[in-house]
Amino acid sequence: MEYLHTMVRVTDLKASLDFYVDKLGLQEVRRVDSDKGRFTLVFLAAPDDIATAQGEGVTRMKPCVELTYNWDPEDYTGGRNFGHLAYAVDNIYETCQRLMDGGVTINRPPRDGNMAFIRSPDNISIELLQKGPALAPQEPWASMQNTGVW
């Protein structure tokens, strides 16, 4: 068994791409538009996973996040009970600062220098983990309170 991708339904493809690509830093590796099925699939990968994510065929594109945008409006609920996506980052403090500067709320700040949570425009929880050992706790993160749910 091997991990391939996680599918997340999105209600606003433009807002979701702004979040996942422009702010979080993922890269688009494949897009499928289905006129007959009335949907768009966008496969995204973390920069360190681009080489494996650009393989041929759906079982070779891994690991990816598949954004599924249904052209006909639908209401989706339960983003929290989806669980979460998780990404390792080079510097959790710099990543969280960049996201905050881009208007993203840090729901669970990296007080421990190791873990933070944010949410996508569709309320999908995303865990950010420090690559390697935790960084030493530092302000303003160490005393920052949680915001909302994560």
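Could you list which residues have their amide H under 5 Å from that of His5, counting only those 5 or more apart in sequence or on another chain, with H placed in the peptide plane?
Placed amide hydrogens put Cys64 under 5 Å from His5.
Above 21 Å lies some portion of the pair distances; for the stretch 62-150, what is it as a whole percent of all C-alpha pairs?
For the stretch 62-150, the fraction of Cα-Cα distances above 21 Å is 34 percent.
Kindly report the accessible area of the chain per residue (heavy atoms of protein chains, probe 1.4 Å, no ligands, DNA or RNA), in Å². Please report the intermediate quantities before stating the final value.
Details: 8350 Å² over 150 residues.
I get 56 Å² per residue for this part.
When the convex hull of the Cα atoms of the chain is projected onto a plane and the area is averaged over all directions, what value comes out in nm²? Intermediate results must be reported in sequence, preceding the final value.
Working: hull surface 38.9 nm².
Projected over every direction and averaged, the Cα hull of the chain covers 9.7 nm².
On the protein heavy atoms, probe 1.4 angstrom, tell me the percent of accessible surface of the chain carried by carbon and sulfur.
50 percent
Below 14 angstrom from the Cβ of Ala15, what's the summed charge of the other residues (Lys, Arg +1; Asp, Glu -1)?
0
What's the lysine pair count for the chain at a Cα cut-off below 25 Å, pairs eight or more apart or interchain?
6
Count the net charge of all other residues whose Cβ sits under 13 Å from the Cβ of Asn91, scoring Lys and Arg as +1 and Asp and Glu as -1. The partial results should precede the final answer.
Details: positive: Arg98, Lys131; negative: Asp90, Glu94.
Result for the neighbourhood of Asn91: 0.
The values are calculated or read from the model by the stated rules, or taken from the named source; none is laboratory data. The structure presented is a predicted model; accordingly, all values stated were derived computationally and were not measured. Cβ: placed from backbone, ideal geometry, glycine included. Neighbour counts: every protein chain shown. These accessible areas exclude ligands, DNA and RNA; they are computed on the full protein's heavy atoms, side chains included. Shrake-Rupley method; radii C 1.70, N 1.55, O 1.52, S 1.80 Å.
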